[in-house]
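Okay, structure first, notes after.
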Amino acid sequence: MSEIPAKATESEDPSEGARAMAADGLASAVGGALAADGVQPGDAMWQSSPPGSIYDYIKVASFSIGPDGLVDQWSLRAEHLFGIPAERAVGMDPIETFIDPRLRERGMRKMAEILDGREWTGVVPFRMPKGTEGECGQEGLAEVYVMPTRTEDGEKAAVCIVVDVRTLRSIETDLAASQAIFSQSPFGFLLIDSDLRVRRVNQRFASIFGGSPDDHRGKGVHDYLQRGEAERVAATLRRVLETGSSITDMHVTGFVPGSDERRHWSVNLYRVHSGSGRPIGVAWLGIDITARRAAAREAAAARRNLALLNEAGARIGNSLDLETTARQLLDVVVPGFCDLATVDLYQGLLVGDETPPGLADGSGELRRVAFASAVSDAPFAGTGVPVAVGAVHHYPFNSPCADALRTARPQTVPGEDGGLVQSTLAVPMVAHDTVVGLVQFARTKGSEPFGDRDRDLAVELAARAAVCIDNARLYRREHERALILQRSLLPPGDPEASGLDIACRYLPGNANTGRPSEVGGDWFDVIELPGHRTALVVGDVMGRGLRAAVAMGELRTAVRTLAQLDLEPAEVLSQLDEIARGLGAPGGVQQATRAARRPREADLSEVYLATCVYAVYDSVTRRCTFANAGHLPPVLVEPGESALMLDVPPGLPLGVGGEPFEEVEVELPEGALLALYTDGLVESRDHPLDEGLQAFVSTLSDPTQPLEDVCDHVLNTLDTHHGEDDIALLMARVQGLPTESVGDWTLPREPRSVGRAREYARAQLLSWDMEPLVDTTELLVSELVTNALRYGEGEIRLRLLLDRTLVCEVWDSGLVQPRRRRARDTDEGGRGLQLVGLLSAAWGSRRTPRGKTVWFELPLPGGETSLTDPAEALLSLF
């Protein structure tokens, strides 16, 4: 037999390609058919087609024609194709059997030419003969390849290869469709074999990665992707080959030749099978999603920015503390926006300066008030030496941070080589056209660089925080001024009083919570009265803020003025009530009363309400008189007894008016402890008032401790009971004036009582070792007793009291108060009270239930105040 060369060609035309594939397959089929028929090929090019080849899809048959033009060999595939068994087919005339009668003459000529030694290829219409498995008379088309050959005897014969054209046409159509889809797809399309090598790519893929589609054959994923990504993709391809599970929307990252831009693809993978079902590779369908990823990142960044702004609006500015506001800003941005951040505020603004030096050129001193980091605890400076929180520093004039402060525009600071930070945004904090500080947002290496959108967001966050910080600064300034006003109205240090050991505490509201305290209207006072008496006052103006502090100052001043008039406690509160009613009206109490009668005007006038306890303690008698205007009751602890709340009628708060106040007089034993306080100590939102009062009373179980320790114990124990209100606590331990420090005499109403009064005073002073005071005291006692004889009524009472000062009192039943006047040079008298005023440290008179008392006070020898020489005082009168 002649050797039949097998050749395979490819063409861009789908039909030609199909034909070439068919021709190539036909050559292989010849070898297979001959082998099936017992013909042993003598050349190595003949081989059996493996499963899954083209012959699984098309029908190929072979038979031979003898010298007589009749079939002399009939293959099994011919039986399958034509449905005629070999025993019947052998000896048949193929022209007579299969060719239409109208074409038989032409067919016989072709057969003669073939037997004469010519090859022939063509498409022949045929019909199935009767008696076949196929339907009788069924027509079809067959592509026939006839090759001349010779028998063993040297006679001419032929071998025919027949292909079912109908199946071939279907394959051609499918190949054309596949080629169209493969070549025209807008996505990157690859066929990867079982060795993970590229067998075919489409033009779209080649246009991205360069070259022609043929240039990519035989390449692997490592030729396109970086090592780590290539290994991941290769593992995924192997898994698809092994399991047959498809992969949808697998994201692959890499670079295209000639570009440093990172690209992203979405890849779909599925396993490809042959006609017999054998896996032969993986189909790769990829689409470039770089733009989509960028758009998604933009959308995610926009959502993140909106979320950050919403969070910033909810969290920043809840506090009026500068440092807290700065920390709130950093809590929002780290790590959601950046990896490290700092806040610097101008030192001058923090200490209250309106225009701190260096503000214009950005070189002024700043204090680092906050720092936050998601990657390191080390302080971050952006440029230069790291700055710790709380440290005061400044930026060099030519630095980006100083430029940001100077121009009020954000600046980008590149990271240092070998450092942690990739880049930093230095954003000035601008509030009301004023730069108050600088916030730095930094991202570490490996993080996404700052973009324009990030820059805009940083400016917005800094602006929001700047407004809150500026408001906090203004509040702090006003608050400090109000605190200065309030503290100036409170007694400095621990007051001193005759016959009392006093300790006091004042805590602004929220002092125990660490939040900025708001000025309140609580106050206490200790007022020394004539005769070694003391007025103890504790009050609370309702409301908070500067208004309450001012009202408290006015009421405190009024209390001091009324106390110097030596009025009874109930009368003092009555006068205070009138004053409180007039505080809210420009015209005073009368205007307030008229406004109260007219509801419309009453709504426009402010109402000042306050509670107050006013107590007067006499160190000689150890008796204390209380009057209460709506305040909490005083607490008394007697030695050896449990603490109890005194039953003092509360009355109405000051400013309400209409009801008189009652007085209660209580004798205090030596060593007793008296506590006056405001409601901030015992009342809170979490505890009822009764519970707080009982807790306060229980803390006074050991009144023998030093008063300072008792105050600290009370505040520490009641820490969970007092809340946001101010706390004023005044505690006094009774130490009555000893009997030996009191000299008391009654004198008849006669002229010689003046001499007796001098004798009594001299003797008493000498017994007290107060000889330096004898002359002055005799002179002044003589003047007061003389006036009592001349202008008073009834018996005369002389009393000397020795404590921190010497007090002399002259009592009588007259109601006429002495009045000091200036005598003329020609007057012989009228200079007695002038002399009393010159020689004494203080003098005055007060009414008593049975008359009046005129008194004077002298400093003790060796004190800070020296005595006035009587001779010089007398000469100064003339």
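The values are calculated or read from the model by the stated rules, or taken from the named source; none is laboratory data. Because the structure is predicted, anything quoted here is derived from the model rather than measured. Because the Cβ atoms are built from the backbone with ideal geometry, glycine has one as well, and the counts that use them run over all protein chains shown.
So that you can scan it fast, the table gives a plain yes or no per residue for (1) in the same structural domain as Gly655 (by TED's automatic domain parsing); (2) among the small types (Gly, Ala, Ser); (3) at pLDDT 85 or above:
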{"site": "Glu518", "(1), (2), (3)": "yes, no, no"}
{"site": "Ala548", "(1), (2), (3)": "yes, yes, no"}
{"site": "Arg623", "(1), (2), (3)": "yes, no, yes"}
{"site": "Phe626", "(1), (2), (3)": "yes, no, yes"}
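Taking region 289-346 as the range and being hydroxyl-bearing (Ser, Thr, Tyr) and either over 21 Å from Phe371 (Cα atoms) or in a helix (DSSP H, G or I) (or both) as the test, the residues that pass are Thr290, Thr324, Thr325. Scanning region 210-233 for residues that are touching a strand residue (DSSP E or B) at 6+ places or on another chain (Cβ under 8 Å) and not in a loop (DSSP other than H, G, I, E, B) turns up Pro213, His216, Glu229, Val233. Per the listing Thr720, Thr746, the residue uniquely at pLDDT below 90, of a type in the set (S, T, N, Q) and surrounded by fewer than 21 Cβ atoms within 10 Å (Cβ to Cβ) is Thr720.
Checked against the criterion of being touching a residue at least 24 places away in the same chain (Cβ under 8 Å) and more than 15 Å from Gly188 (Cα to Cα), the candidates Val252, Val282, Val240, Val256 yield just one match: Val240. From the residues in region 759-807 that are of a type in the set (Lys, Arg) and at pLDDT 90 or above, which one is nearest to Pro861 (Cα to Cα)? Only one residue fits best here, namely Arg762.
Table: residues versus (1) in contact (Cβ under 8 Å) with a residue 24 or more places away in the chain; (2) of a type in the set (D, E, K, R); (3) in contact with a strand residue (DSSP E or B) (Cβ under 8 Å, 6 or more places away or on another chain); (4) farther than 16 Å from Ser840 by Cα.
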site	(1), (2), (3), (4)
Arg756	no, yes, yes, yes
Arg762	no, yes, no, yes
Thr776	yes, no, yes, no
Leu780	yes, no, yes, no
Leu789	yes, no, yes, yes
Gly794	yes, no, yes, yes
Leu800	yes, no, yes, no
Arg804	yes, yes, no, no
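Within region 678-692, does at least one residue satisfy the condition of being surrounded by 15 or more Cβ atoms within 10 Å (Cβ to Cβ), more than 45 Å from the chain's Cα centre (by Cα) and either modelled with pLDDT under 90 or outside the structural domain of His532 (by TED's automatic domain parsing) (or both)? The answer is no, given that none of the residues of region 678-692 is surrounded by 15 or more Cβ atoms within 10 Å (Cβ to Cβ), more than 45 Å from the chain's Cα centre (by Cα) and either modelled with pLDDT under 90 or outside the structural domain of His532 (by TED's automatic domain parsing) (or both).
Scanning region 714-764 for residues that are under 30 Å from Leu693 (Cβ atoms) and in a strand (DSSP E or B) turns up Ile727, Ala728, Leu729, Leu730, Met731, Ala732, Arg733, Val734.
Every residue, every condition in (1) buried (at least 16 other Cβ atoms within 10 Å of the Cβ); (2) in the same structural domain as Val550 (by TED's automatic domain parsing); (3) among the hydrophobic types (A, V, I, L, M, F, W, C), yes or no:
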site: Val421; (1), (2), (3): yes, no, yes
site: Leu425; (1), (2), (3): yes, no, yes
site: Gln440; (1), (2), (3): yes, no, no
site: Lys445; (1), (2), (3): no, no, no
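Regarding Asp339, is this residue within 25 Å of Val387 (Cβ to Cβ), of a type in the set (Asp, Glu), modelled with pLDDT under 80 and out of contact with any Leu (no Cβ under 8 Å at 6 or more places or on another chain)? For Asp339, the condition - within 25 Å of Val387 (Cβ to Cβ), of a type in the set (Asp, Glu), modelled with pLDDT under 80 and out of contact with any Leu (no Cβ under 8 Å at 6 or more places or on another chain) - is not met.
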